[in-house]
Amino acid sequence: MKFDIIIIGGGLSGLTAGIALAEAGKDVALVSAGQSSMHFGSGSLDLLGCDEKGNDVYKPLDAIKALNSKHQYNKLEDVSSLAGVAKQLLERAGIATTGNATSNHWRITPIGGLMPTWLSMEGMATIEDPDHMPWRKVALVNIVNFLDFPTKFLAAGLRDKGVEVDVKAVTLTELQKLRQSPTEMRSTNIAKVIESNDLLVKLAEEVYKVAGEDYDMVLLPAVLGVTNSDKSQQLLKLIKVPAQYVATLPPSVPGVRMQTMLRKRFTALGGTFFTGDQVTEGTFEDNILKGVKTAKLDGTVLEADNFILATGSFMSRGLRADYNRVYEPALGVDVDDLGLDRKTWAKIDVTDAQPYMEMGVKTDEKLRCMRNGSTISNLYAIGSILSGNNSIKRLDAAGVDMLTALQVANNLIK
């Protein structure tokens with residue numbers, strides 16, 4: 001099988017590149033092993049949340065200019081322009097967001113913290129200034145026995161900011177079956193029960209009973225809208241008082257929704273999706289990748305003019321490590337291990353910046369992969385598999401995913 005472009009990896013970076021290329025008329029195939037890290041998402045996307053010293057970033061475009069030279073943003077032509085294109089791409093996929101690259105806003109975390117972020121999905125609770133809370137009195141409304149919405153932590157975090165918080169709980173008889181097992185009382189399962197049984201009006205009535213009109217804001221767990229935002233937005237309107245969502249612990253319904261809608265957009269544009277599969281090897285000739293084989297296609301070679309590696313970092317097994325080395329398992333491209341001895345890959349204090357987080361594949365200035373010290377002219381890398389950034393400390397994972405994907409897409413479209 002022959003395509004214009006084959007993308008290896010189906011997370012945020014791979015889907016962003018796939019959609020951008022398909023919109024430009026390219027024949028694109030995407031090979032994905034399955035779920036991506038979007039299932040752990042917060043409903044928000046980060047561009048740059050913390051600077052090199054760990055301080056919150058208010059103006060991300062300004063702070064990006066001060067990043068060290070290894071950061072992958074330095075290989076992008078225009079961060080501001082690409083950030084605008086990313087927001088528009090999401091909108092065309094049906095994902096409405098608030099925010100822009102000029103100024104961060106702050107999202108409420110599942111454990112009550114405030115984190116700077118770039119874009120937030122419609123309906124998510126956000127704050128423009130972390131030092132000035134917009135609410136005096138809040139009702140924090142959970143579903144009985146739903147443990148992935150830690151209301152004690154959330155309430156404590158909001159109270160620390162001077163907000164008066166009352167914790168409430170609602171229940172629906174239709175959720176009783178899920179309550180028989182704590183492992184079933186998860187956000188995605190709750191969403192299925194409520195949406196498939198058309199319980200939005202009933203849930204809205206229960207929320208209004210406990211919250212009424214005595215609060216500036218009602219905060220709810222984000223457990224609606226797995227496939228699109230219609231149900232989640234409908235509930236907010238039915239409650240009849242100001243209400244917004246706060247992300248839960250994984251699995252994340254907003255994250256699953258984003259992945260679902262991006263996949264739908266990619267296939268609607270004519271993209272080919274090989275899901276539940278993974279690339280196992282590639283054939284190289286004269287520093288050109290000619291084709292790849294996968295675990296499920298029984299020896300069939302997938303050929304393309306260009307390839308994009310978007311398999312992620314250690315969590316998604318795009319990078320792996322043994323006692324001696326860090327390596328990229330699919331195609332054997334070169335990895336930048338920062339020249340560190342194995343004993344120095346990690347630090348004992350878990351809160352420290354971990355050196356291994358900045359390891360990743362080596363690329364040239366156009367984000368083309370290196371293999372055995374030479375540039376592979378038609379193989380690009382995007383997203384968290386790239387070296388040079390610690391996304392946990394800098395809060396830049398989504399920005400690196402989307403903007404490097406769009407940069408490579410631009411390179412290939414030109």
| Between the DSSP loop rule and a limit of at most 14 other Cβ atoms within 10 Å, which GluC sites (Glu not before Pro) in the range 163-251 are left? | Glu184, Glu213
| said: I'd like the FRET efficiency for Val144 and Val350, computed as 1/(1 + (r/R0)^6) with the beta carbon distance as r and R0 of 35 Å, rounded to 0.05. | reply: 0.55
| field | Listed residues Gly113, Ile239, Leu30: farthest to the positive end of the dipole of the chain (Cβ charges) | value | Ile239
| task | Note the angle between two axes, namely the Cα long axis of helix 397-413 and the longest principal axis of the Cα atoms of the chain, as a number of degrees from 0 to 90, rounded to the nearest 10. | result | 40 degrees
| request: Can you tell me the FRET efficiency between Thr300 and Ile413 if r is taken as the Cβ-Cβ distance and R0 is 25 Å, rounded to the nearest 0.05? | output: 0.35
| request: Run the numbers on the range 362-409 and let me know its relative contact order in percent, using alpha-carbon pairs under 8 Å that are six or more apart. | output: 32 percent
| field | DSSP-assigned coil residues among chymotrypsin sites (Phe, Trp or Tyr not before Pro) in the range 232-338, each with at most 14 further Cβ atoms within 10 Å | value | Tyr323
| Which FRET efficiency, nearest 0.05, do Asp364 and Ser80 yield, Cβ-Cβ r, R0 22 Å? | 0.40
| query | What's the carbon and sulfur percent of the chain's accessible surface, probe 1.4 angstrom, rounded to a whole number? | reply | 48 percent
| query | When Cα extents along the principal axes in Å is calculated directly from the model, which label among [x] 64, 63, 40; [y] 70, 45, 40; [z] 75, 59, 35 fits? | reply | [y]
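The values are calculated or read from the model by the stated rules, or taken from the named source; none is laboratory data. Source: prediction; values computed, not measured. Ideal geometry is used to build each Cβ from the backbone, glycine not excepted, and the neighbour counts take in all protein chains shown. For accessibility, only protein heavy atoms count, side chains too; no ligands or nucleic acids. Shrake-Rupley method; radii C 1.70, N 1.55, O 1.52, S 1.80 Å.
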